[in-house]
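Before any comments, here is the structure.
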Amino acid sequence: MKHRRGFNPLERMPAHRKALHRNMVTSLFAHERIKTTRTKALAVRRTAERLITRAKVDSVHNRRIVSSRLYDEGIVAKLFTNIGPRMKERPGGYTRIIKLGERYGDAAEMVILELVDYILKTDDEKDKKAKKAEKKTKKKEKAKAEKEAKE
């Protein structure tokens with residue numbers, strides 16, 4: 001039975017566990033999608049959702065609490081300016097877990113932990129980026145040819 005077990009310690013010492021949560025939550029907010037094991041995702045999800053709830057109200061007090069948990073000021077700023085306002089109307093449940101299957105080496109259950117409003121980039125967006133990069137290289141080549149022609 002799982003009575004009186006408040007959280008999963010993940011077989012780590014407290015300092016290591018806090019660092020793990022801090023790093024994974026920072027990565028989640030930076031990339032809005034991470035791939036990890038199921039047990040870590042369930043533990044990190046709890047931390048991330050608490051921070052997003054804080055970020056919905058932009059106050060000095062909330063910023064200081066979040067900054068004490070996350071050491072990257074850029075991520076704290078993104079959380080309060082981008083992620084928090086996006087989740088303003090949502091009462092909770094800011095993350096989703098998508099099962100991927102088992103990892104080859106040790107058969108650990110792998111999942112994707114992502115923010116609910118994450119939009120996967122499609123081929124159309126990739127094509128646009130490829131076209132833009134191609135246009136940029138043509139422009140550079142043209143400028144280089146004009147420079148050589150002047151000389």
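Quick notes on this structure:
- Between 71, 104, 94, the GNM of the chain built on Cα springs shorter than 10 angstrom shows 104 fluctuating the most.
- Taking a ≥ b ≥ c as the square roots of the eigenvalues of the alpha carbon gyration tensor, segment 60-140 is oblate, as a/c is not under 1.5 and a/b does not beat b/c.
- Gyration tensor over the Cα atoms of the chain: the corresponding equivalent ellipsoid has semi-axes (square roots of 5 times the eigenvalues, largest first) of 39, 22, 16 Å.
- Within the listed set 105, 84, 74, the residue fluctuating most in the Gaussian network model of the chain (springs between alpha-carbon atoms under 10 angstrom) is 105.
Coordinate-derived values only; no laboratory data. Just so it is clear, the structure is predicted and the values come from calculations on it, not from any experiment.
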